[in-house]
Each structure stands twice: as C-alpha cells, then as structure tokens.
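Peer 1: Following this message is one structure expressed as structure tokens.
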Amino acid sequence: MALIIGGNATVATGMSPIVEAGLYADPIFIDGVSFSSRYNIGSAGQIQVVKYQGGRGVAPGTPGANFTDREYENTVLDININNSFKDSAKVPNYFEATMPVNLKMDKTLEVTTKVGTGRQESALAALVDGATAFADTTGITASNVKQAVIEMRGALRKKHAKPNVVIASVDVYAAALEAAGKDFTPMYNDDVARQGKIGLWLGMLWIEADLLDGVTNDYKYLLADGTAKTVDTSDVDLIVYDGAAYSIIDRLDLLRIKESEMFAGSKVQEEVCTGFKVTNADCVLVKRNA
C-alpha cells in the first residue's frame, strides 16, 4: 500500500513521488520483503494492522461429528502513526538565481534523504526493541556465521514463522561474505566477489545495515503513548525474521515550497509521520554479542 498522503496534507503537485522514491529506496527496509505496509481503516478511523499468525492446524476427527468452537481471539492491532520526521531547508533567491541546477528540486531530494534516514534509524530501533532475544551471544566470525543463522532459522521455524530476511551488522556481513563465497558453485562465488553482495543465502535475503556499525549506539522511536524509547544497538549482530511480522505505515503530511518571511527566498519543508509495530515477536529474533 506504500505511502499514504494525509487527508489534510499540504503537498506540492508532482512532488510526492520524490518522497516515495526516497523513502523506499533505502537498502534495509523494503516494502513487501523486510516489512509490510498493509493496513486497514477501523470504524473510528484509526489505522489497524492484522497480527501475524502462525500456530498449529486442527487435529483430524470423525466425519459428521460436532464442531468444537474456539474462543474469539482479537487479531487486529491498532498502530499509531506518531513518529514525525520533518526537515526544512532554506533556498535563498541569490543562490537559486546563480546556481546551475534546479535548487528547489535538489533541496527536495536532500530533505527527503534526511527524513528517510531518520525514519530508517527509528524503524531499526523499533524492530530490535520488538524482537525476541536469541539466547546464544557468542561473537560471530566467518567460521560460525552460517551455523548461527541456521540455528536462528530453526528456532523461528519451530514457532511456525517463515524467516525470509537477515539484517546483519557491517562486521557480521563481512564475515558472511567470506563464508558465502566458499560454500556454493563457482558462478555464485564469482558473483559474491564481483558485487560484494550476498543476496539470497540459506534461503533468506541478506541485508547489510550500515546503521549497525558498532560505533553508533542509540536510535530512538516513539512508543504508542508518545514516550521516546532509546534502543542500544551497539552489540546487535543479526536480526533474522519473517518480514510479514513487521509493519511500517508511512503518511506524508507536508511537502511544500514556502516563501520565507525572514529572508529573501523560500524554504523546502517536508514531514512524514510513521507507525512501527512488530506484530508477532515469535517471528523476529535478534542476536547480540556478549
């Protein structure tokens, strides 16, 4: 469903596709793969997502026997679109007249990039915060990365999840590159060496998260009640999960070029509001190192 345009949003004609392209072009969160943007509108107008379900099937019985009723279980979750990412860039008339580029378009892309990066940091924080901790905290190397991911995949499958995504820190991705290049056919090895990308390995899409660089420790997002939550990601090695169990809903509330009352020129302003929710923690595992 991608980007929602807010009902009362001020959006310059033709500019919203720039925002959508900027938000969804990042390398970590890919709509329909590493998150879901599907939602419903509740009777009171709130945004709702369906809890991602696993579980066992029904046992066989005798034909013609009575049904056994299950109790009603609510599988609809409200999601607050309460994380606001906004930026404003000045475009003085002097520079717009003298620069050999479309300065307003350039600043629109710049503002969108900053908004998108902030959203990505918060999305990572919410995913790590909502995940289930994997018990093994052994450090990852090229010799054990494959085994660690297979064990995490097995733990998820026992919960009836369908893990399809691995988000790896920069260091762990490097270890995985080394390991993956040794495992498969020469054609695959050549491709890994040439592109520096793993792609699909062990039946899952591998994504390198440069935000998990072992240097930057804290990313923030707002909880449903508006409280800011800081999440330490400095020791996160891997997030292995079923992408359908993580919902991100984006709404474009403002995108405009506004004449300034303070200086000779205009401002490019943008605001995107986003809701984050892990809809089933059993389907998301995070591995930290001790």
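The values are calculated or read from the model by the stated rules, or taken from the named source; none is laboratory data. On a predicted model such as this, the values are computed, not experimentally measured, just so you know. Counting neighbours? That spans all protein chains shown, and the Cβs are built from the backbone with ideal geometry, glycine included.
Peer 1: Scan region 228-273 residue by residue and report those that are at pLDDT below 95, among the small types (Gly, Ala, Ser) and over 30 Å from Gly154 (Cβ atoms).
Peer 2: Answer for region 228-273, where residues must be at pLDDT below 95, among the small types (Gly, Ala, Ser) and over 30 Å from Gly154 (Cβ atoms): Ser260, Ala264, Gly265, Ser266.
Peer 1: Considering only region 111-149, state which residues are part of a loop (DSSP other than H, G, I, E, B) and either out of contact with any helix residue (DSSP H, G or I) (no Cβ under 9 Å at 6 or more places or on another chain) or on the phi > 0 side of the Ramachandran plot (or both). Spell out the reasoning first.
Peer 2: At the first step, the residues of region 111-149 found to be part of a loop (DSSP other than H, G, I, E, B) are 131, 134-144.
The answer is Thr137, Gly139.
Peer 1: Scan region 232-290 for residues that are more than 14 Å from the chain's Cα centre (by Cα), in a loop (DSSP other than H, G, I, E, B) and of a type in the set (Asp, Glu) and report the count.
Peer 2: 2
Peer 1: Can Gln46 be described as closer than 30 Å to Thr112 by Cβ, at pLDDT below 85, surrounded by fewer than 17 Cβ atoms within 10 Å (Cβ to Cβ) and more than 16 Å from the chain's Cα centre (by Cα)? Steps first, answer last, please.
Peer 2: Values: closer than 30 Å to Thr112 by Cβ: yes; at pLDDT below 85: yes; surrounded by fewer than 17 Cβ atoms within 10 Å (Cβ to Cβ): yes; more than 16 Å from the chain's Cα centre (by Cα): yes.
In short, yes.
Peer 1: Any idea which residue in region 71-107 is modelled with the lowest pLDDT, counting only those that are acidic (Asp, Glu) and part of a helix (DSSP H, G or I)?
Peer 2: Just the residues of region 71-107 that are acidic (Asp, Glu), to begin with: 71, 73, 78, 87, 96, 106.
Checking which are part of a helix (DSSP H, G or I) leaves us with 96, 106.
Details: Glu96: 65, Asp106: 79.
Result: Glu96.
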